[in-house]
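Following: one structure in structure tokens, then a few remarks.
The values are calculated or read from the model by the stated rules, or taken from the named source; none is laboratory data. Quick caveat: nothing in here was measured; it's all calculated off a predicted structure. We place every Cβ from the backbone using ideal geometry, glycine too, and count neighbours over all the protein chains shown. Remember, those area values only see protein heavy atoms, side chains included, never the ligands or the DNA or RNA. Shrake-Rupley method; radii C 1.70, N 1.55, O 1.52, S 1.80 Å.
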Amino acid sequence: MAKIQTPQPVRGTQDMFGETEERFAYVVATFERVRRLYGFKGLQLPVIEPTAVFARSLGEATDVVSKEMYSFEDRGGDSITLRPEFTAGIARAYLTNGWQQFAPMKLSVHGPLFRYERPQKGRYRQFHQIDAEIIGAAEPAADVELLVMADQLLKELGIDDGVTLQLNTLGDTQSRDAWRAALVGYFNDHKGALSEDSLARLEKNPLRILDSKDPKDRPIAEAAPVIDDYLSGEAQNFFGAVTAGLNAAGVAWTRNAALVRGLDYYRHTAFEFVTDRLGAQGTVLGGGRYDGLIENLGGKPTPAVGWAAGIERLAMLIDERPEELPTFVTSEQEGQEKNVVAVVAALRRGGLAADSITEGSASKRFEKARKKSNGVVLLLSASTDFDIELTIKRIGDWRQQPSEKVIATALQSRFDVLAAEVDEANNYTPYRLNSRS
RNA sequence: GCGAUCGUAGCUCAGUUGGUUAGAGCGCUGGUUUGUGGUACCAGAGGUCGGGGGUUCAAGACCCCUCGGUCGCCCCA
């Protein structure tokens, strides 16, 4: 008989479980809490969008659009793309749902994204981001609010240490275009000295030559025209207001005049929270202002700012998460399964995580319960039709604090007291024997 | 898409210049011991040595191809 081959997972995808999943869930939960503090509404969006949503907004020449999208024709012949980022889909939803009426809108999303890239640490083909956007707000206060929120999120995740906020302005469209033209001219004059990669960038995205890592390019990049010389007075004032706001809010930042973002839609504020703890994947959270995007999708000119952060990258940076384990219930003798079920149900109804073991010998049961528990094991030692005698075992400090017995009647009301007592044991407060009442 | 490196049990790894039946620890399963029960002991299950081809009397080891992981480049969160 031919052996059945188990299909391998798709390259660049991952199955998350245990510690990895705990970290992931913690990042999402923290984000959900923090975004509410700032009044950002949640969103649920489709994973698939018409290909045009991304092609028009990110820029046809960007790597994401030209070679990294999962695009396919569906059975109706429409070109569909698995979303490679959030911003374009949010802008599309804003327009097709007529959300202009709610502007300015503070929105947040999280979920899976797809890019066909070479996988490595912190880079996957299916990856996940948290994302926050403010649509319909032209004032620098919106940029500041998003950055302050990002800063608080990273602090609450405990990863602000070693992560720095790099900030730049790309100016308004006129400033950006003038600067870009100057850069192209400058780099063309130094074509001979540029690396091969940068020669390709000169055609596609000349701004990116500025943060090339190639030592050949560094001296040329460092002597290149700087955006500051091309900023209009308005753009200067805007950037000044953003930095003043950050200072007022106590958010640390550093200017990085070479910081340009990869996607075409960015204007004015551009920023990245970077770390050196993730190898080649230095950016942990990044974003900026994209005042031109909504127009590109057929809407009226609408100012907007936003950022996104990779959940996997954040999850790799946070401290170890203690696994959340339940209280365990087991019995000393055989034939107590029914009462074990009753006790576990009572604990769960009382809001406590609980589980049970009924298989195996008494010593194996206790051993297993001990290992899988949160440190509290309820040992059901005897029972009558009305009473269940339980011993509360606190693993770890049994020498100092002898385990104590509690008797619960089988009446439902009495189980509430039991739940409260187990809750106390879970919290390692001094245990108090509760006499039968 | 380019370069480098690695792949042996569920996990972490050992495996000599190619040489009998591929090992250890942890984990898992069963048992013994103990007895308000834990750190002891015994036994067992579990391996296409990533996959395919080649060299050889003989390949986990050497060669080629391929798949996958990791690290850079690129890109980006």
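Of all residues in region A:208-231, those satisfying the criterion of being touching an Asp or Glu at 6+ places or on another chain (Cβ under 8 Å) and of a type in the set (Gly, Ala, Ser) are A:Ser212, A:Ala221.
Any idea which of A:Thr169, A:Thr173, A:Thr164 is within 15 Å of RNA strand B (Cβ to nearest atom) and either surrounded by 15 or more Cβ atoms within 10 Å (Cβ to Cβ) or of a type outside the set (D, E, K, R) (or both)? Let's see the steps before the verdict.
Numbers: A:Thr169 fails: within 15 Å of RNA strand B (Cβ to nearest atom); A:Thr173 fails: within 15 Å of RNA strand B (Cβ to nearest atom).
On inspection, the qualifying residue turns out to be A:Thr164.
Close Cβ contacts (under 7 Å, 6 or more residues apart or on different chains) running from residues in region A:231-251 that are part of a helix (DSSP H, G or I) and modelled with pLDDT under 95 to residues that are open to solvent by less than 30 Å² (accessible area, probe 1.4 Å) and not hydroxyl-bearing (Ser, Thr, Tyr) comprise A:Glu234/A:Asp172; A:Ala235/A:Gly171; A:Ala235/A:Asp172; A:Ala235/A:His268. Filtering region A:66-111 to residues that are open to solvent by 10 Å² or more (accessible area, probe 1.4 Å), closer than 26 Å to A:Ala150 by Cβ, part of a helix (DSSP H, G or I) and free of Cβ contacts under 8 Å to residues at least 60 places away in the same chain leaves A:Trp99, A:Phe102. What single numbered condition from (1) small (Gly, Ala, Ser); (2) out of contact with any Leu (no Cβ under 9 Å at 6 or more places or on another chain); (3) assigned to a loop (DSSP other than H, G, I, E, B) fails to hold for A:Gly298? Condition (2) is where A:Gly298 drops out. Name the residues in region A:295-328 that are more than 10 Å from RNA strand B (Cβ to nearest atom) and among the acidic types (Asp, Glu), would you? Selection gives A:Glu295, A:Asp319, A:Glu320, A:Glu323, A:Glu324.
Within region A:355-382, being among the aromatic types (Phe, Trp, Tyr) and more than 7 Å from RNA strand B (Cβ to nearest atom) holds for no residue. Considering each residue of region A:43-56 in turn, at least one proves to be touching a strand residue (DSSP E or B) at 6+ places or on another chain (Cβ under 6 Å) and open to solvent by 70 Å² or more (accessible area, probe 1.4 Å).
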